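The next block holds one structure in the form of structure tokens; read it before the comments.
The values are calculated or read from the model by the stated rules, or taken from the named source; none is laboratory data. Predicted model, so just to flag it, every value in this text is computed and none were measured. Cβ: placed from backbone, ideal geometry, glycine included. Neighbour counts: every protein chain shown.
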Amino acid sequence: MLTVGDIKKLTEVFATKQDIQKLDEKVVTRAEFDEKFRWVIDKLDAVFGEIKAMRQDWSLHSGTHDRIEKRLTHIESTPTVASELRKKK
């Protein structure tokens, strides 16, 4: 059998029905959260959109540099007329 002292100790350790009701009053619902913080979500979406666009631009830019580097390497490795004339001397 539980004594009054045991019940008091249990109420100190575990939440009572009143404690849960107090917490329930403080908890924000999804609709309230969306209403209050929608602007934050919208701003984050805009920032992430900009980051995605920058990554795509950077990828295209990097690809262009790679293509130019390959072209220059090819051009530099192709013998020129002047270098061929020097070899014959």
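Ala82 - would you say it is surrounded by fewer than 10 Cβ atoms within 10 Å (Cβ to Cβ), modelled with pLDDT under 85 and among the aliphatic types (A, V, I, L, M)? Break it down into steps so the answer makes sense when it comes.
Numbers: surrounded by fewer than 10 Cβ atoms within 10 Å (Cβ to Cβ): yes; modelled with pLDDT under 85: yes; among the aliphatic types (A, V, I, L, M): yes.
Here the answer is yes, as Ala82 does meet what is asked.
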- Query: Does Lys26 qualify as being loosely packed, with under 10 Cβ neighbours inside 10 Å and within 38 Å of the chain's Cα centre (by Cα)?
  - Reply: yes
